[in-house]
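In what follows, a single structure is set out as structure tokens and then discussed.
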Amino acid sequence: MTETEGHAVLDGHRTWYRVVGELRRDGPAPLVTLHGGPGATHDYLLSLTDLARGGRAVVFYDQLGNGRSTHLPDRGAEFWTVDLFVRELANLLDQLGIDERYHVLGQSWGGFLAQEHALTQPSGLQSLVLSNTAASFPGFVREANALRAELPPEVEATLRRHEEAQTTDDPEYAEACLVFYNRHLCRLDEWPDEVNRAFAAIDDDPTVYHTMNGPSEFHVIGSIRDWQSEDRLGEIHVPTLVISGRHDEATPALQATLIEGIPDAEQVILEDSSHMPFWEQREAYMAAVGDFLVRHD
């Protein structure tokens, strides 16, 4: 399997990408993958390399501010906007020469971005895979907090104490978050190296995550805290697969909004997974997504 790496340039900044497989004009349309965070890296999505078969290429990239792309730690909320990342994606598609025919898979925050991309009505977008995501950040936080309320009381007390004291950088807060993450982010006993690398990247440079999201998945005080697409879902005109885990922090209730709002949507819920079914139930996830892509090439 061939792999090529390079950079797309936007406003003088570099977006690092990797293409697994060959970008060809004939055969299956390439799949472009959008990672979450905002502020993580492509690493935790690398299991999606499984989909690079039968002539289909899979494109990974680190969004600006993250991983191997340009870091801009001095920029504030006025720079880190949803529009920046929508423009970055369009620029990458153009520079790779695939903007006439491609699929997009967006996971978590990448799913927000995927929806925004689809809403620009790009003519080459064949289909959309919305993985472990939502149509509303306030809705996402509401559901995450409902799940948080089910944590052991002492864990909840630790989280609250540090949030109120604004000491969320304390290792004790991170440890308490892990209890939630082991239930609703990734339920595997041992997290894959690729997942750990993506988390480490947020720690190395938390600029984007802290600016746009906040200190944790349920303490959201960042610039996109009010983002929503609920009133625009009817304008997504491509076939869409909505896929998630039964124990996902992006709960089944959030998936229902996407399914009901997008005209041509179908749903898969993986029963033994949370936010990372592409690791937790890797085979079943790839089968569902792979089948969907083949039907919409």
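The values are calculated or read from the model by the stated rules, or taken from the named source; none is laboratory data. Since the model is a prediction, treat every value here as computed from it, not as a measurement. Here Cβ is always computed from backbone atoms with ideal geometry, including for glycine, and neighbour counts include all displayed protein chains. All accessible areas refer to the heavy atoms of the entire protein, side chains included, with ligands and DNA or RNA removed. Shrake-Rupley method; radii C 1.70, N 1.55, O 1.52, S 1.80 Å.
Brief remarks follow.
- Loop-located GluC sites (Glu not before Pro) in region 129-164 (DSSP state other than H, G, I, E, B) with a sparse environment of at most 11 neighbouring Cβ atoms within 10 Å: Glu150.
- What the Cβ-Cβ distance of Asp226 and Glu5 gives, at R0 = 25 Å and to the nearest 0.05, is a FRET efficiency of 0.10.
- A simple charge model with +1 on the Cβ of Lys and Arg, -1 on the Cβ of Asp and Glu and nothing else charged puts the dipole of region 40-134 at about 280 debye relative to its Cα centre.
- Note on region 5-85: with charges restricted to the Cβ of Lys and Arg (+1) and Asp and Glu (-1), its dipole about the Cα centre is near 300 debye.
- Prolate/oblate/rounded call for region 144-235, Cα gyration tensor, a/c under 1.5 rounded: rounded
- Entry note: the chain has Rg to Rh equal to 0.94, where both radii use alpha-carbon atoms and Rh is the Kirkwood radius.
- Among Tyr173, Tyr209, Tyr102, residue whose mean-square fluctuation peaks in a GNM of the chain (springs only between Cα atoms under 10 Å): Tyr173
- Listed residues Glu100, Glu217 arranged by accessible area, highest first, probe 1.4 Å: Glu100, Glu217
- Arg68 sits with roughly 120 Å² accessible to a 1.4 Å probe, with DNA, RNA and ligands left out of the calculation.
- Of all accessible heavy-atom area on region 26-114, the percent that carbon and sulfur account for (1.4 Å): 47
- Computed on the chain, with alpha-carbon pairs under 8 angstrom and 6+ residues apart, the relative contact order is 20 percent.
- Solvent-accessible area per residue for the chain (1.4 angstrom probe, square angstrom): 41
- Here the dipole of region 129-278 is about 320 debye; that uses its Cα centre as origin and unit charges on the Cβ of Lys and Arg (positive) and Asp and Glu (negative).
- Gaussian network model of the chain, Cα within-10 Å springs - most flexible of Phe79, Phe278, Phe112: Phe79
- Rounded to the nearest 500, the helix-only mean residue ellipticity at 222 nm of the chain stands at -11000 deg cm²/dmol, with each DSSP H run of n ≥ 4 adding -39,500 (n - 2.57).
- Value of relative contact order over region 87-188, rounded to a whole percent, pairs C-alpha under 8 Å and six or more apart: 19
- Gaussian network model of the chain, springs between alpha carbon atoms under 10 Å - residue of His103, His42, His71 with greatest fluctuation: His71
- Percent carbon-and-sulfur accessible area, region 234-297, ignoring ligands, DNA and RNA, probe 1.4 Å: 50
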